[in-house]
Each structure stands twice: as structure tokens, then as C-alpha cells.
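Visitor: This is the structure I have questions about; it appears just below.
The values are calculated or read from the model by the stated rules, or taken from the named source; none is laboratory data. Source: prediction; values computed, not measured. Virtual Cβ from ideal backbone geometry, glycine too; neighbours counted across all protein chains shown.
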Amino acid sequence: MAERYGGRFSPLNSRREDTAADAESRWDGKRRSRAGGRSNILFFLPFLFLFDAFLGPANGFIPAFAAFGALFLAAWLTRQGILAEEAYDTRPVARRPAIPRKIFASVLTGAGLFAGGLLGEAGLVTAVAWGVIGAGLHLAAFGPDPLKDKMPEGVDGFQSDRVSRAVAEAEAYLSEMRERVERLREPALARRVEGFASTARELFRSVEADPGDLTAARRYLGVYLMGARDATLKFADLYERGRDPQVRTDYERLLEDLGTSFADRTRRLMSNDRAGLDLEIEVLRERLGRET
């Protein structure tokens, strides 16, 4: 009786291994976002006051609706503040958020609970207590926003601004590529783009760690990524018309070449940094040898 071959190199199992490898590489170096769990619960709490606004007494409509609006805005600001803080933490060079979202969210939480406290008959003092306690608990649970810039020693603000602008522009190109490819509803292709983005971000982190490398990497962060964005937009428009496999193969080959080029540039920057470190060590050794 014939049996299906199920060894390691059978077509079925090889596809499974490729899928597992793609899934592993997709999450490689990533960690779960903190913008979930407790922050998501905050979006449900305001609706308790919304029910009071429409189903409760008429004189409680304004305070109840004010409580709903303040708490819902606080939940949104909390989530955005957590995402901004995560981006701040992952970068060696980063500016503090322009708007302290989580601090504003704490204030809005207190204001919303104060307005909600006015619905009952406990009085103004109790409503104020609700607001103060709610604001304090929110700040204790989620913490304040980063309140100072983060940059390595010896890097001035001008260099940091140049790097921040270049990286922000490069991230915008990557976001356009990812969003356009995701609309094609091709998960494997989206993973290819995400893999290239991860390789490009390694170069970003290298430049952020040593802003002096920006001159050597500027063409990669600007011209090459702009060309990759434009090629992605043209590919997506063409691929949507007929799903031509040859068009897809050419685009995937382009991503592979770009990824190789970006990885090579990152290695060169790191090797230059190592060479500079070796030179500094050698000079210090010679000085110590002369002094002894």
C-alpha cells in the first residue's frame, strides 16, 4: 500500500518549516507592546457615564457627558503616551515627547471622575476627592512621560536634531511601504517588507548611536529609501492589476538587494567604529608606556 512521504525535505514539510522560519523572523528582536491590557480597559470605563447621560435624570446629562468625554480622551492619550515612550526607550538618541500625553491623561482622568462625582448626592468635596485620587492612581499606574532628551555623551543638540530628522524621514518612507503592501493582502510579501524594514532600522540605530556616521549613511536614509518607496508604490499598482508572479519576483529580488546593501553599510560603519576604538586604545597604550 502506498504511503505519503513525510520526511524533512518533503514539499509539505518544507513549506511548513519556511512558514515557521518566517514567523520566527517576523518577531525576532521584538517585544510585546505595553499599550494594551490596562490601557485598553480605560476605553470601556467612560461608557458607564455615557449610559447615565442618556438614561439618567436630565440634570445629570452635562456632567455625565463631560465625564465620558474626559475619560475617553484620557484613555486615548494614555495609549499614545505609552507608544511614544516605547519609541523613546528603543532609541539611543531621542527627544522627549513634545506633548506629555500621559500626564495630560492623568489630569483628564481626574477631571472626568470629578464630573462623574457630581452626578451623585455626595457633594462637591467627595467629587474633588474622586478627581484627585483618580489622577494620582492613573499617574502611579502608567507613570509620567519622559521629561528630558536622551543622547550619548559628547553629542550636541545640533547633531542630535540632524539625526532625528533623517531617521524620522526614513521611518516615514518605511511606513508608506508597509501600508501600501499590506493593502495587497499578501502576508508573505508583507513579511518580506517588514524584514527589509528591520534591516534598515539596524542602520538607523547605528547612526543614532554615533551621529558622526550620518554623512556616510545619509544617502541610504534618504535617496535609497525614497527610491524603495517609489518602487513599492509602482509595484503595488501593477501587481494589483494581474497578480503577475514575475513582477512579484522582481520586487522581492529588489528587497533582497536593498537589504544586503543596508546590512553591508551597517557592518562598515560598525567596523569603522571598531577601528577607531582600536586606534584610541593603541594611542593610550603608547602614552602609558612612555609615562612608565
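Visitor: So which of Gly117, Gly110, Gly134 is farther than 30 Å from Gly212 by Cα, modelled with pLDDT under 90 and not assigned by TED's automatic domain parsing to the domain that holds Glu202?
Guide: Working: Gly110 fails: modelled with pLDDT under 90; Gly134 fails: modelled with pLDDT under 90.
When all the criteria are applied, what remains is Gly117.
Visitor: Same structure again: Scan the stretch 211-233 residue by residue and report those that are without any contact (Cβ under 8 Å) to a residue 40 or more places away in the chain and surrounded by 13 or more Cβ atoms within 10 Å (Cβ to Cβ). First the steps, then the outcome.
Guide: Step one: filter the stretch 211-233 for residues without any contact (Cβ under 8 Å) to a residue 40 or more places away in the chain, giving 215, 219, 223-224, 227, 230-231.
Scanning the stretch 211-233 gives Tyr224, Gly227, Asp230, Ala231.
Visitor: Could you check the stretch 98-126 and list, in sequence order, the residues that are under 16 Å from Pro63 (Cα atoms), of a type in the set (S, T, N, Q) and buried (at least 17 other Cβ atoms within 10 Å of the Cβ)?
Guide: The one that is under 16 Å from Pro63 (Cα atoms), of a type in the set (S, T, N, Q) and buried (at least 17 other Cβ atoms within 10 Å of the Cβ): Thr109.
Visitor: Any chance you could count how many residues in the stretch 240-256 are exposed (fewer than 10 other Cβ atoms within 10 Å of the Cβ) and either in contact with a Pro (Cβ under 8 Å, 6 or more places away or on another chain) or of a type in the set (D, E, K, R) (or both)? Walk me through how you get there before you give the answer.
Guide: Within the stretch 240-256, the subset exposed (fewer than 10 other Cβ atoms within 10 Å of the Cβ) is 241-242, 245-246.
Filter once more, keeping what is either in contact with a Pro (Cβ under 8 Å, 6 or more places away or on another chain) or of a type in the set (D, E, K, R) (or both): 241.
Of the residues in the stretch 240-256, 1 are exposed (fewer than 10 other Cβ atoms within 10 Å of the Cβ) and either in contact with a Pro (Cβ under 8 Å, 6 or more places away or on another chain) or of a type in the set (D, E, K, R) (or both).
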